[in-house]
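Report on the following structure.
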């Protein structure tokens with residue numbers, strides 16, 4: 001079987017709603033599902049990502065503590081995304097911008113590019129949550145819609 005390089009996978013298959021599994025930062029050792037949220041990731045130089053976490057109560061408490069709109073949280077479970085093993089949540093206030101090259105490196109260093117996208121109704125909720133956020137920059141909001 002021919003192995004397709006990550007560069008080619010990203011160039012040809014990345015879309016809004018694509019899910020990647022990788023270690024997000026130096027201080028985090030666990031791989032997490034991260035969702036591409038920019039509208040045109042194939043042509044954008046940077047990729048905007050939000051993280052799926054199983055720490056639902058922690059996310060809800062953070063939203064309450066900062067008095068952010070509860071609709072900036074999007075719940076997602078195995079019925080919406082088959083690779084999830086439990087109910088999870090996305091905090092749309094935490095949009096991370098990474099260069100496309102960094103995403104490729106994260107995937108090449110033990111991550112995964114999944115071809116299973118989130119369903120459009122979940123992507124629409126994420127878009128809405130990002131637009132309602134008081135902490136996401138206007139530039140990032142414009143990349144999402």
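Miscellaneous remarks
- Residues in the stretch 93-106 that are in contact (Cβ under 8 Å) with a residue 40 or more places away in the chain and either part of a loop (DSSP other than H, G, I, E, B) or farther than 22 Å from residue 139 by Cα (or both): 5 in all.
- Filtering the stretch 52-63 for residues that are exposed (fewer than 10 other Cβ atoms within 10 Å of the Cβ), in a helix (DSSP H, G or I) and free of Cβ contacts under 8 Å to residues at least 60 places away in the same chain leaves a non-empty set.
- Here residue 122 passes the criteria (1) farther than 28 Å from residue 8 by Cα; (2) out of contact with any helix residue (DSSP H, G or I) (no Cβ under 7 Å at 6 or more places or on another chain); (3) surrounded by 13 or more Cβ atoms within 10 Å (Cβ to Cβ) except the one numbered (1).
- Against the list (1) loosely packed, with under 15 Cβ neighbours inside 10 Å; (2) under 16 Å from the mean Cα position of the chain (by Cα); (3) under 25 Å from residue 6 (Cβ atoms), the condition residue 109 fails is (2).
- Within the stretch 107-128, the set of residues being farther than 13 Å from residue 49 by Cα and part of a helix (DSSP H, G or I) comprises 107, 108, 120, 121, 122, 124, 125, 128.
- Single unsatisfied condition, residue 134 versus (1) outside any loop (DSSP other than H, G, I, E, B); (2) under 30 Å from residue 65 (Cα atoms): (1)
- The criterion of being closer than 16 Å to residue 20 by Cα, within 12 Å of the chain's Cα centre (by Cα) and at pLDDT 95 or above holds for residue 96.
- Scan the stretch 1-18 for residues that are exposed (fewer than 15 other Cβ atoms within 10 Å of the Cβ), touching a residue at least 12 places away in the same chain (Cβ under 8 Å) and closer than 15 Å to residue 108 by Cβ and the total you get is 2.
- Residue within the stretch 73-87 that is assigned to a helix (DSSP H, G or I), at pLDDT below 95, within 30 Å of residue 4 (Cα to Cα) and under 15 Å from the mean Cα position of the chain (by Cα) present: no
- Condition check for residue 17: under 14 Å from residue 118 (Cα atoms) and out of contact with any helix residue (DSSP H, G or I) (no Cβ under 7 Å at 6 or more places or on another chain): no
- Of all the criteria given as (1) more than 16 Å from residue 125 (Cα to Cα); (2) touching a strand residue (DSSP E or B) at 6+ places or on another chain (Cβ under 7 Å); (3) outside any strand (DSSP E or B), the one not satisfied by residue 38 is (1).
- Counted residues, the stretch 23-41 - those being surrounded by 15 or more Cβ atoms within 10 Å (Cβ to Cβ) and either over 20 Å from residue 77 (Cα atoms) or over 11 Å from the mean Cα position of the chain (by Cα) (or both): 6
The values are calculated or read from the model by the stated rules, or taken from the named source; none is laboratory data. Quick caveat, the model's predicted, so the values are computed rather than measured. Glycine gets a Cβ as well: all are built from the backbone with ideal geometry, and neighbour counts include every protein chain shown.
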